[in-house]
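Below: one structure, written as structure tokens.
The values are calculated or read from the model by the stated rules, or taken from the named source; none is laboratory data. Being a predicted model, the structure only gives us computed values, none of them experimental. A quick note on method: Cβ atoms are made from the backbone with ideal geometry, for glycine too, and the neighbour counts reach across all protein chains shown.
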Amino acid sequence: MDSAIVIRHLAKEYGAVVAVEDLSLTVPKGAMFGFLGPNGSGKSTTIGCLTGLLDPSGGEMEILGERFTAESVGLKRRMGVMPESLGLFEPLYAHEFLAFVGRMFGLDETTTRARVTELLAALELTDSSKTLAEYSTGMRKRVAFAAAVIHAPEVLFLDEPFESIDPAGVALMKQWLRRFTEQGRTVFITSHVLETVERLCGAVAIITSPGKLVWQGDITVLAADGAIEYDGQQFRALEPLFLRLTGEHYADLKWL
Amino acid sequence: MNLKLLAHLIRLRYRLIWAKSRSRSGRIALFMAGYLLLLVALALVAAGGLGLGAMAVTAGKATATATAVLCGLFLCATVGTLILGFGLNATFADGEMRRYPLRAREREVARHLVAMLDPYWYLVVGIEFGLLIGLYLFGAAFLLTGAIALGLLYVCNYVTARLAGMVVERMVARRGGATVLMAAIMALGVAPPFLVPYLQTHAHGASAAVAWLQWTPPYGAALAMTQEGWPALWGLALIAGWTLGLGAAMVELERHPARARAASSGKLDWGSGYERAGAFLGPQNSILIGHWLRFFWRNNRFRMMYPLSLPLVGLFIYGLTRQPGVSPGPHGDLASAIGAFGIVGFIGTGQFAVNQFGYLGNGMRRYLLLPGDPAAAMRSCSYTFALLNAVTIMVGLAIWPVVVRGRFDPRTLPLLAGCSLTGMFLYLAAGLWTSLLAARRGNYYSSFGNDLSFAGNAVLIGAMMSLVFGPRIAAAYWPGAFRSEYWWVALAAAAAAAGVYWVSLDLASVCFRRRRERLVAIMEGRA
């Protein structure tokens, strides 16, 4: 199977602080890929490197068979990104923001307007009297999602896409993402909502701080009531596996 | 009243100020502020307060002198809070304080107390106490009632500034309100040169103004400082009355916050006029320039500053060429006009050009995700300012033949155009570097206040000052150099400045790519 994303020995350091250390990963084309890890483990830094926001300190990345750097303009046109901080221009209205993104990704004016109108209607963002600053967190997330898909990218990077979105919005986004991957496009997703990842993704990678890969594998077996075997143990859900791999534990506070 | 928690919030506010000084620019700002404060305090207590005290006693007009000084300080402090944004920062929004076990009244008190204890007010109060001590040392003031009066005046000044700030916010929220407001402020600023000669020649006007002052809080404070018995009590009552009245108005306005302006009626307005304007600098730039134009046009501060820079252009040209010491005639006027036109080249966008990304917030990240050179966002923003400045320059050139004294020499037009373009290109070049190396996260929604870094302020104020005084000083030494025969020199200077600008754009683009992570962190409030 062709690979959509290949990461080889990726490293990112901020002075003496190591955010990602020797990360190697392969994501097949058409996959819905979950990228998991505890807070501060380097997920957003990895996405930052993969989308040109950050310059890696070492290693290399390949996207859709081409070497990727921050200057890879052609590749950026084929990618959609929803950053965790959303990257919205708050004084603009949703349609103005989406039109700007669409035009910058090379869509002509007529196509841009048609797609913006359709996206706003589908995502129930039809209140055109409010600027993005006046939107709720969930609505702003929907706008950022629309900006990531407006140019129909081949690879989609979503950093915590489902947080703060209501169940109907999440269901709609999941439906779109499934159709997206059925067409052979790839979704690279980070999320803390393990149940959602378990139901949505076919494969996951789990990293721990500082950006070290501890497990990568197929999780479709969980949907069929099967179990993942690791270190001699059977795991029937993603959460216990995640906790086992990341060394996270439930602290017992006697006063609470 | 939960006094313990209130004290804790005030302590936290000072810890936050101290935390700002951890950065290099924060330390420089703190050093400068401390140094300035010390100098001002020393100068005022030593020379101002004591001097005024001596003057007041010698002239036998202690109350009148104190009234004039306190009125000036009261007005300056109020206008200063609005323009510089100091002294009104409550630091903690009501929503934030709702997390803590505080009742509505306590939250209100905490917000005002935190704002009132801003170091800015210490400066104002310090100067006022300098005056009191000066008067007291010369036997013209009563320390206890004076101190009480100044304490009351401090509260009254804060309430006045807060109320004025709220009125301003409401005005700015209305369509066209921002421009009306700035015009009013400008009129206030321009009024004294016209008013003073009028009052000097019209005695009844002057006495009416003095009579009106007798109903103001500063007069009340002056009375309480310099008089005994009933006059002192009347003075204290006057300040207390004003404080209560203004306080009630403030509370009333706080209870009825301004409604946000609904800008659209359900139909999508694509507003492609911005992109069409952007296309003036080539179709490849139209989307980004159109985006910047839209972005800045929604900013209250920009909407105030830019349209008003057009009448300001006329005022600058007229005012600078008619200052004392500027001799009429083409050569005398020309030196001042050169300075004025240099300022015209950047005045409309000056405070934005030195901190291009300051208002983007999380949006800064978006430019780096777009399929293109990330530095294109920086360059297009600078082109946007150049486009806007070009309009101001054309207005200035159209005004020049009308306001020039004596015979109009057509050769001055290319000369002054060259000066404006030189000013614009050099300022924009400097603005690129301050935007990259001294970027500061600003508040897009604030109508007033100074969001610039120390370097940004130095470039803005330094450029204005050097253009106001530089050409006149140069003309004093080399009077023969300021002649319209040398119009081509200005065009050559503009071409050289354009060269500096283009080289700066290239170098700054490389710097932008290297510093982009840092810039995103600053704009997202992580650095």
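General observations
- Qualifying residue in segment B:409-418 (condition: surrounded by fewer than 18 Cβ atoms within 10 Å (Cβ to Cβ), under 18 Å from B:V344 (Cβ atoms) and assigned by TED's automatic domain parsing to the domain that holds B:A353): yes
- Lone qualifier among B:S435, B:S509 - being more than 14 Å from every other protein chain (Cβ to nearest Cβ) and either under 27 Å from B:Y367 (Cβ atoms) or among the acidic types (D, E) (or both): B:S435
- Some residue of segment B:353-371 being within 21 Å of B:L308 (Cα to Cα), hydrophobic (A, V, I, L, M, F, W, C) and in contact with a Phe, Trp or Tyr (Cβ under 6 Å, 6 or more places away or on another chain): yes
- Restricted to strands (runs of 3 or more DSSP E) entirely inside segment A:189-256, those with at least 2 residues that are within 14 Å of A:F33 (Cα to Cα) are A:203-208, A:212-218.
- Checklist (1) small (G, A, S); (2) buried (at least 22 other Cβ atoms within 10 Å of the Cβ); (3) part of a loop (DSSP other than H, G, I, E, B) applied to B:A430, failing item: (3)
- When A:P56, A:P28, A:P38 are checked against the criterion of being farther than 28 Å from A:Y135 by Cα and touching a Cys at 6+ places or on another chain (Cβ under 6 Å), a single residue qualifies: A:P56.
- Within segment A:17-25, not a single residue is within 14 Å of another protein chain (Cβ to nearest Cβ) and under 16 Å from the mean Cα position of the chain (by Cα).
- Test: B:A66 is in a helix (DSSP H, G or I), at pLDDT 70 or above and over 21 Å from B:A164 (Cβ atoms): yes
- Checking each residue in segment A:41-63 for being within 18 Å of A:T208 (Cα to Cα), within 13 Å of another protein chain (Cβ to nearest Cβ) and small (G, A, S) picks out A:S44, A:G48.
- Number of the exception - A:S44 against (1) crowded, with 24+ Cβ neighbours inside 10 Å; (2) among the hydroxyl-bearing types (S, T, Y); (3) under 22 Å from A:G202 (Cα atoms): (1)
- Answer residue from segment B:512-527, given it is of a type outside the set (K, R) and more than 9 Å from chain A (Cβ to nearest Cβ) and is farthest from B:Y444 (Cα to Cα) among those: B:F512
- Checked against the criterion of being more than 9 Å from chain B (Cβ to nearest Cβ), modelled with pLDDT under 90 and outside any loop (DSSP other than H, G, I, E, B), segment A:124-143 contains one or more residues that satisfy it.
- Residue under evaluation B:Y444, criteria (1) of a type outside the set (D, E); (2) within 24 Å of the chain's Cα centre (by Cα); (3) modelled with pLDDT of 90 or more, criterion not met: (3)
- Of residues in segment A:79-116 being of a type in the set (K, R) and at the interface with another protein chain (Cβ under 7 Å from one of its Cβ atoms), the one nearest to A:R142 (Cα to Cα): A:R113
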